[in-house]
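Visitor: Structure below; questions to follow.
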Amino acid sequence: GEQVEQRPPHLSVREGDSAVITCTYTDPNSYYFFWYKQEPGASLQLLMKVFSSTEINEGQGFTVLLNKKDKRLSLNLTAAHPGDSAAYFCAVHSNTGYQNFYFGKGTSLTVIP
Amino acid sequence: AQTIHQWPVAEIKAVGSPLSLGCTIKGKSSPNLYWYWQATGGTLQQLFYSITVGQVESVVQLNLSASRPKDDQFILSTEKLLLSHSGFYLCAWGLGVYAEQFFGPGTRLTVL
């Protein structure tokens, strides 16, 4: 099945700096990609859903880039603020894996005021 | 608006004791339902999924079972808990095969 590697596992940035989290996947048939945010002790909140037909997606304060050739997905938080401190997870839904969602191991982001 | 509720919020159980965790989704008809386990340290593992009432597919074997007795209800259970069952259990729902999944608030389980 699909294998998803997420890096870095821990990331610390200063307020106002950018933070980049990257996931690589193995299944070339993967078509749908997701980023989730998990605040301490809480559940997962969907940040963005990305289709493989769209390479750049922008949200509130972040950009998601998809490189299909390299099978790489990245989340770029621009001008991070302390409220962005949380764990971030990428998830990949493979076309060949019916009903299977594959998550990265997560990145714990700390934004220092 | 759709809501997802999990119960209990937290549970402390002894090794070898039974367990039942529940999940209810309101405001959506015939959703796909999922159970996940999150280990301390963050890794998420999909355990079960269900497309329709009475049908549950197992993704990994962890000495757990799941059932979907009603369209809006998903139950996770075991007759004998292991220490390794400790963690955060999350229920999720989605519409369609490739749809995003929305997660419930979770149940924190501690097995002693």
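The values are calculated or read from the model by the stated rules, or taken from the named source; none is laboratory data. Note that this is a predicted model, so its numbers are computed, not measured. As a convention, Cβ positions derive from the backbone with ideal geometry for all residues, glycine included, and neighbour counts pool all protein chains shown. Heads up: the accessible areas ignore ligands, DNA and RNA and are worked out on the full protein's heavy atoms, side chains in. Shrake-Rupley method; radii C 1.70, N 1.55, O 1.52, S 1.80 Å.
Visitor: With respect to A:L46, determine if the residue is in a strand (DSSP E or B), open to solvent by 30 Å² or more (accessible area, probe 1.4 Å) and under 22 Å from B:L47 (Cα atoms).
Guide: yes
Visitor: Return yes or no: is A:Y31 aromatic (F, W, Y) and more than 11 Å from chain B (Cβ to nearest Cβ)? Let's see the steps before the verdict.
Guide: Details: aromatic (F, W, Y): yes; more than 11 Å from chain B (Cβ to nearest Cβ): no.
Answer is no for this residue.
Visitor: Now for a different question. Here are A:S43, A:S85: which of them is at pLDDT 90 or above and touching a Pro at 6+ places or on another chain (Cβ under 7 Å)?
Guide: A:S43
Visitor: So, of the residues in the range B:93-112 that are closer than 15 Å to B:F48 by Cβ and more than 8 Å from chain A (Cβ to nearest Cβ), which turns out to be modelled with the highest pLDDT?
Guide: By that ranking, first place goes to B:T107.
Visitor: Residues in the range A:1-23 that are among the β-branched types (V, I, T) and farther than 19 Å from A:D84 by Cα: how many?
Guide: So the answer is 1.
Visitor: Of the residues that sit in the range A:58-109 and are among the β-branched types (V, I, T), in contact (Cβ under 8 Å) with a residue 40 or more places away in the chain and within 14 Å of chain B (Cβ to nearest Cβ), which one is surrounded by the fewest Cβ atoms within 10 Å (Cβ to Cβ)?
Guide: A:T96
Visitor: Quick one: which strands (runs of 3 or more DSSP E) lie wholly within the range B:8-112 and hold at least 2 residues that are within 25 Å of A:Q45 (Cβ to Cβ) and open to solvent by 60 Å² or more (accessible area, probe 1.4 Å)?
Guide: B:44-52
Visitor: Among the residues of the range A:24-33, is there at least one that is more than 14 Å from the chain's Cα centre (by Cα) and surrounded by 18 or more Cβ atoms within 10 Å (Cβ to Cβ)?
Guide: yes
Visitor: Which one of B:L62, B:L47, B:L81 is more than 14 Å from chain A (Cβ to nearest Cβ), modelled with pLDDT under 95 and on the phi < 0 side of the Ramachandran plot?
Guide: Residue meeting the stated conditions: B:L62.
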